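Asks: Quick one: structure below, then a few questions.
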Amino acid sequence: MTASDAGPQPSPEEAAALADLAECAARAAGALVREGRAERGGVTATKSSRSDVVTAMDTASEQLIRRVLRAERPQDAVLGEEGGTTGGTSGLTWVVDPIDGTVNYVYGIPAYAVSVAVVAGEPAPPHWRPVAGCVHNPETGETWTASLGGGARLDGEPVHAAAGPPLAEALVGTGFGYTASRRAEQADVVARLLPRVRDVRRIGSAALDLCYVASGRLDAFYERGLNPWDAAAGWLVAAEAGVSLVGLDGAGASQDMLVAAPPALALELAAELSRAGALPSA
Ligand code: IPD
Ligand code: CA
């Protein structure tokens, strides 16, 4: 990757201002989706499978976030889960998940989040450089923010990841894709992992999973096949809290596989996932 591919390098002050804007957009969208939740969530469509639902509020939330961002940063691109890509000229891209954890939202489980991040360069891992982000849970009010070089915060208080236990004592979060074939592979892997860890959690929002690792509520998290919008803001929160984000077999974290944990545990979990066949060759 050349320096220009890596996009602009905002100063810490600029990154902090971008985090404020991410928080402002995420909080406004969070209020909208919480107040607008219909009985049974208001599912309007399905995407990759019958499990992959979209609600009217996913669409409305993304539209609101796009309006807020366009008003302040018309020069930036936007990549949103529901609306796709809108081009920009600055080299920065806002990566938006209007409701991460949509199935929880539909069922009234208070574990969903609005995730708003801005990245430099290509808006996908491993090439992106997340610059600022916010993960906001509208039900609990909990709000994680981070800016590149500026640290991570939960409700304004600095967040630092703990050292992390050995894998055998680790509480490990994971998630599953929406297609039956991907889920069958993921079920095989989790069946091999479960006897080797303290326990496994499937919370249902990758953005919250990553913030939970940052805050020590999970020791580790891994998932295969995350989209950029699931991961962008939580990635920066975790990284700024001192969490390692890696792939398998020495690769960087990517859409193929993301493992997030304190450094020694991340390596131990990545090795175990590799042995469990978590990344079958295509
Ligand atoms: C999903 C959640 C889930 C993860 C899936 C994602 P969505 O996002 O983050 O925890 O396991 O891979 O697609 O569909 O609720 O925005
Ligand atoms: Ca998502």
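The values are calculated or read from the model by the stated rules, or taken from the named source; none is laboratory data. Values in this document were obtained by computation on a predicted structure and should not be read as measured data. Glycine gets a Cβ as well: all are built from the backbone with ideal geometry, and neighbour counts include every protein chain shown. Heavy atoms of the whole protein, side chains included, go into the accessibility calculation; ligands, DNA and RNA do not. Shrake-Rupley method; radii C 1.70, N 1.55, O 1.52, S 1.80 Å.
Asks: Filter the strands (runs of 3 or more DSSP E) completely within the range 49-118 down to those with at least 2 residues that are open to solvent by 10 Å² or more (accessible area, probe 1.4 Å) and within 14 Å of ligand 2 (Cβ to nearest atom). If you could, list the steps in order and put the result at the bottom.
Replies: Numbers: elements: 53-55, 77-80, 84-86, 92-100.
Once the strands (runs of 3 or more DSSP E) in the range 49-118 are filtered for at least 2 residues that are open to solvent by 10 Å² or more (accessible area, probe 1.4 Å) and within 14 Å of ligand 2 (Cβ to nearest atom), what remains is 53-55.
Asks: For residue 220, indicate whether it is modelled with pLDDT of 95 or more, open to solvent by less than 20 Å² (accessible area, probe 1.4 Å) and of a type in the set (Gly, Ala, Ser). Talk me through it step by step, then tell me what you get.
Replies: Details: modelled with pLDDT of 95 or more: yes; open to solvent by less than 20 Å² (accessible area, probe 1.4 Å): yes; of a type in the set (Gly, Ala, Ser): yes.
Answer is yes for this residue.
Asks: Can you confirm whether residue 163 is at pLDDT below 95 and over 21 Å from residue 96 (Cα atoms)? So that I can check it myself, show each step before the final result.
Replies: Numbers: at pLDDT below 95: yes; over 21 Å from residue 96 (Cα atoms): yes.
Yes; evaluated as a whole, the condition is true for this residue.
Asks: It is to be established whether one or more residues within the range 108-117 are more than 11 Å from ligand 1 (Cβ to nearest atom), under 16 Å from the mean Cα position of the chain (by Cα) and in contact (Cβ under 8 Å) with a residue 12 or more places away in the chain. Write out each step before concluding.
Replies: Narrowing the range 108-117 to residues more than 11 Å from ligand 1 (Cβ to nearest atom): 108-110, 116-117.
Next, only the ones that are under 16 Å from the mean Cα position of the chain (by Cα) stay: 116-117.
If we keep only those that are in contact (Cβ under 8 Å) with a residue 12 or more places away in the chain as well, we get 116-117.
Yes, some residue in the range 108-117 is more than 11 Å from ligand 1 (Cβ to nearest atom), under 16 Å from the mean Cα position of the chain (by Cα) and in contact (Cβ under 8 Å) with a residue 12 or more places away in the chain.
Asks: Evaluate the following for residue 238: is it farther than 23 Å from residue 124 by Cβ and not β-branched (Val, Ile, Thr)? Can you show your working first?
Replies: On the way: farther than 23 Å from residue 124 by Cβ: no; not β-branched (Val, Ile, Thr): yes.
For residue 238, the condition - farther than 23 Å from residue 124 by Cβ and not β-branched (Val, Ile, Thr) - is not met.
Okay, residues lined up against (1) surrounded by fewer than 17 Cβ atoms within 10 Å (Cβ to Cβ); (2) in contact with a strand residue (DSSP E or B) (Cβ under 7 Å, 6 or more places away or on another chain); (3) more than 23 Å from residue 80 (Cβ to Cβ):
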{"residue": "179", "(1), (2), (3)": "yes, no, no"}
{"residue": "201", "(1), (2), (3)": "yes, yes, yes"}
{"residue": "213", "(1), (2), (3)": "no, yes, yes"}
{"residue": "224", "(1), (2), (3)": "no, no, no"}
{"residue": "258", "(1), (2), (3)": "no, yes, no"}
{"residue": "263", "(1), (2), (3)": "yes, yes, yes"}
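Asks: Hey, residue 177 hits all of (1) closer than 23 Å to residue 127 by Cα; (2) part of a loop (DSSP other than H, G, I, E, B); (3) within 14 Å of ligand 1 (Cβ to nearest atom); (4) at pLDDT 95 or above but one; which does it fall short on?
Replies: It fails just one condition, (4).
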